[in-house]
1. Of all residues being polar (S, T, N, Q), at pLDDT below 85 and not in a loop (DSSP other than H, G, I, E, B) in region 260-317, which is nearest to residue 347 (Cα to Cα)? Just the residue, please.
2. Going by the conditions given, is residue 175 part of a strand (DSSP E or B) and at pLDDT 75 or above?
3. Output the number of the condition that residue 89 fails; it satisfies all remaining conditions of (1) over 12 Å from residue 326 (Cβ atoms); (2) in a loop (DSSP other than H, G, I, E, B); (3) in contact with a Lys or Arg (Cβ under 9 Å, 6 or more places away or on another chain).
4. Working only within region 331-387, note down all residues that are among the β-branched types (Val, Ile, Thr) and at pLDDT 80 or above.
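The values are calculated or read from the model by the stated rules, or taken from the named source; none is laboratory data. Predicted model only: the values in this text are computed from it and were never measured. Please note: Cβ atoms are built from the backbone with ideal geometry, for glycine as well, and neighbour counts cover all protein chains shown.
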Amino acid sequence: MDGQGYAHPYFIISPQLSWTQKFVYQPSHEDINFNFTQRGQTSLHTTGPSDQQAKKMLETVKYLLGSVGGSGYGSRSTAEQVTESSPDLRHITAIITGATSGIGAETARVLAKRGARLVLPARSLKAAEDAKARIVSEFPDSEIIIMALDLSSLTSVRNFVSEFESLQLPLNLLINNAGKFAHEHAISEDGIEMTFATNYLEYLFKKIRSFSVDEAAAQQNDRNGGGYRRSRPNRERLVGYSRLVFGRYHPISRRDKPKRKVSDDYDETRAYALSKLGNVLHTKELARRLKEMDANVTVNCVHPGIVRTRLTENVKALPQAAATTCYVATHPRLVDVSGKYFADCNETLPSKLGSNLSEAARLWSASEIMVSKSSNAIFDPSSQWEY
């Protein structure tokens, strides 16, 4: 990159939905005192609830008001706003899954506006071509590569990795945005429950044999005149999504190995929640391992918020929902930040369960079995994890 401090590619993992969060304590009006200070800032004092309950209420009020946090951004910030201070992205290659619609499409549009080269993998090549056409119509100089990828198939993932490597491009930014909410119970061709296979195993893009991307990106940097900050050249960023739905479930069972039993009682919300819990835990463990390796890669997890529909008109529109992803992916101040969880463009804490490092390590061990070519076990978290 240029001299503005942008030093690496980012991995972004998947969104978390917060509609299952509930407040047990319902204070009366005497219990709460809101102090409205300068525009966009609010303080809250309580006499009734605990500190933790008060903090949750304050966070909700700030979310609804669009108050900014320490980053200078908040729930009302848009993806274009948070990338205004990003460095020139013209030498960045970004893989964005789930970019044919919704948050992923807005993320791709904004990164293209900032000059990034985009790789858009998709099951439907037509949908990807349509997404490309929309971006190019707005930004004619955009460089966009369409590739085939079915995230529920490990064979498809491996084929995608090989094809991407054959392009000999640097990988600077990986945004795992794709997600699935399956209403019917199904097992993938690899023996993995379909929601988990799609939403979690895309995290295993780490299987891209490209922690060698450091070298490729450095070579690209040299060809481009040393644009990146050389003290830590071309740090890759992995950004993933993880929704708050998982908050009501219990710790992972210590059954590390996949079992053959498949549940007949399928709860689609729980299955989705478990896949997103997997994303948060995987972020923690991957960040720890990358640090041990002194790898030039950061990995963070984002919660985009609830997106506006006809039933939720007071929550985020797509430009706001994509803001946290774009912030974590591009902002210079996050160059060395890894293993963290972001919501409304500010670092925050996931649930207690999502912060459990021992559970993260167990999930990693189970994942190694899941992606093993020799594994013939069936893995169904809904029946095998005791939540």
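1. Selected residue: 279.
2. Values: part of a strand (DSSP E or B): yes; at pLDDT 75 or above: yes.
Against the criterion (part of a strand (DSSP E or B) and at pLDDT 75 or above), residue 175 qualifies.
3. Looking at each condition in turn, residue 89 falls short on (1).
4. Within region 331-387, the subset among the β-branched types (Val, Ile, Thr) is 335, 337, 348, 369, 371, 378.
Matches in region 331-387: 335, 337, 348.
Here is a yes/no grid of residues against (1) assigned to a helix (DSSP H, G or I); (2) modelled with pLDDT of 90 or more; (3) touching a Ser or Thr at 6+ places or on another chain (Cβ under 6 Å); (4) farther than 24 Å from residue 322 by Cβ:
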{"residue": "142", "(1), (2), (3), (4)": "no, yes, no, no"}
{"residue": "147", "(1), (2), (3), (4)": "no, yes, no, no"}
{"residue": "161", "(1), (2), (3), (4)": "yes, no, no, yes"}
{"residue": "183", "(1), (2), (3), (4)": "no, no, no, yes"}
{"residue": "197", "(1), (2), (3), (4)": "yes, no, yes, yes"}
{"residue": "211", "(1), (2), (3), (4)": "no, no, no, yes"}
